[in-house]
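Undergrad: Below is one structure. I have some questions about it.
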Amino acid sequence: MSAGAPLSGIFRVGVIPTVAPFLLSGVMSRIRDEYPELKLHLREDLTERLLEKLRAGDLDAALIALPFETAELKVIELFRDEFWFVARQDDPHAKKKEMLVRDLEPGSVLLLEEGHCLRDHAIAACGARGGKTKAVLEATSLTTLIQMVEGGLGVTLLPELTIKAGILRGTRLIARPFSSQVPARTVALIARPAGARRVDVEMLADFFQKHYREQSKVRAASRRKTR
């Protein structure tokens, strides 16, 4: 329970692996500065397990990516996170400035293993809704996924959040945005509708949105300087 003032005391947040290190790395010190009485306890896990813990009262909120079935839970959408095409520099598509979804070959797209919502989002982006893709190699983490692409085993789709956080730094991979019908996920903060920390959840959502907007402006300004 809160110790009285908003965003104080212990607050338990679940975060999916494809969001946790990329959104929170630049946020934690700012949260400590603005809310010194807040003790943020983080748990990283897959979406389904996080929502189970949220419904059971073991978490106060969860940072996940939509679309995902949230049923009766309160959903606060934070920002749209577009997918980028990622491949080796010698890939035929590497010379393009932008990709088209129709240029994707689903059988060559490497995915995370079952259970990761990013897998389902990538399959949907390939136009494989309601069906199965060809058998492809699967990775247990984003780090392994990148290594597999760099090893020439295929291409992949990664959220802009991870790209801008520098996940490809030190690799020989390129990332290209999509020019139209851009596939995307939505990062959202999920909570119980009648939870005791409703005010805290809304304040935390506002904080994440503000941080994301500020970082987007910084990146945009940096790109303009390098042109």
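The values are calculated or read from the model by the stated rules, or taken from the named source; none is laboratory data. None of these values were measured; they are calculated from a predicted model. Positions of Cβ are backbone-derived with ideal geometry, glycine not excepted, and every protein chain shown enters the neighbour counts.
Undergrad: Condition first: of a type in the set (Val, Ile, Thr) and modelled with pLDDT of 90 or more. Now tell me which residues in segment 183-223 satisfy that.
TA: 186, 187, 190, 199, 201
Undergrad: Right, next: If I filter segment 157-182 down to residues being of a type in the set (Val, Ile, Thr) and outside any loop (DSSP other than H, G, I, E, B), which single residue comes out as farthest from residue 20 (Cα to Cα)?
TA: The first filter runs over segment 157-182 and keeps only residues of a type in the set (Val, Ile, Thr), leaving 162-163, 167, 171, 174, 182.
With the extra rule that they be outside any loop (DSSP other than H, G, I, E, B), the set shrinks to 162-163, 174.
On the way: 162: 10, 163: 14, 174: 23 Å.
Ranking the candidates gives 174 first.
Undergrad: In addition: Among the strands (runs of 3 or more DSSP E) lying completely within segment 1-116, list those that include at least 1 residues that are in contact with a Phe, Trp or Tyr (Cβ under 6 Å, 6 or more places away or on another chain). Don't jump to the end; show me each part of the working.
TA: Details: elements: 9-15, 38-44, 61-66, 74-88.
In segment 1-116, 38-44, 74-88 are the strands (runs of 3 or more DSSP E) which contain 1 or more residues that are in contact with a Phe, Trp or Tyr (Cβ under 6 Å, 6 or more places away or on another chain).
Undergrad: For segment 47-61, what are the residues that are surrounded by fewer than 18 Cβ atoms within 10 Å (Cβ to Cβ) and closer than 22 Å to residue 120 by Cα? Reasoning before the result, please.
TA: Of segment 47-61, the ones surrounded by fewer than 18 Cβ atoms within 10 Å (Cβ to Cβ) are 48-49, 52-53, 55-58.
Across segment 47-61, the qualifying residues are 48, 49, 52, 53.
Condition check ((1) of a type in the set (A, V, I, L, M); (2) under 30 Å from residue 71 (Cβ atoms)) across all residues:
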residue	(1), (2)
141	no, yes
145	yes, yes
149	yes, no
153	yes, no
157	yes, yes
164	no, no
167	yes, no
188	yes, yes
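Undergrad: Let me confirm something: among 93, 41, which residue is touching a residue at least 60 places away in the same chain (Cβ under 8 Å) and either surrounded by fewer than 17 Cβ atoms within 10 Å (Cβ to Cβ) or over 15 Å from residue 185 (Cα atoms) (or both)? Break it down stepwise before answering.
TA: On the way: 41 fails: touching a residue at least 60 places away in the same chain (Cβ under 8 Å).
Matching residue, one of 93, 41: 93.
Undergrad: Quick check on my filter: what residues within segment 52-103 are under 22 Å from residue 180 (Cα atoms) and in contact with a Cys (Cβ under 9 Å, 6 or more places away or on another chain)?
TA: 65, 66, 67, 101
Undergrad: OK, next. Can you tell me which residue among 76, 16, 64 is surrounded by fewer than 17 Cβ atoms within 10 Å (Cβ to Cβ), in contact (Cβ under 8 Å) with a residue 60 or more places away in the chain, under 26 Å from residue 207 (Cβ atoms) and not basic (Lys, Arg)? Reasoning before the result, please.
TA: On the way: 16 fails: surrounded by fewer than 17 Cβ atoms within 10 Å (Cβ to Cβ); 64 fails: surrounded by fewer than 17 Cβ atoms within 10 Å (Cβ to Cβ).
Answer to the check: 76.
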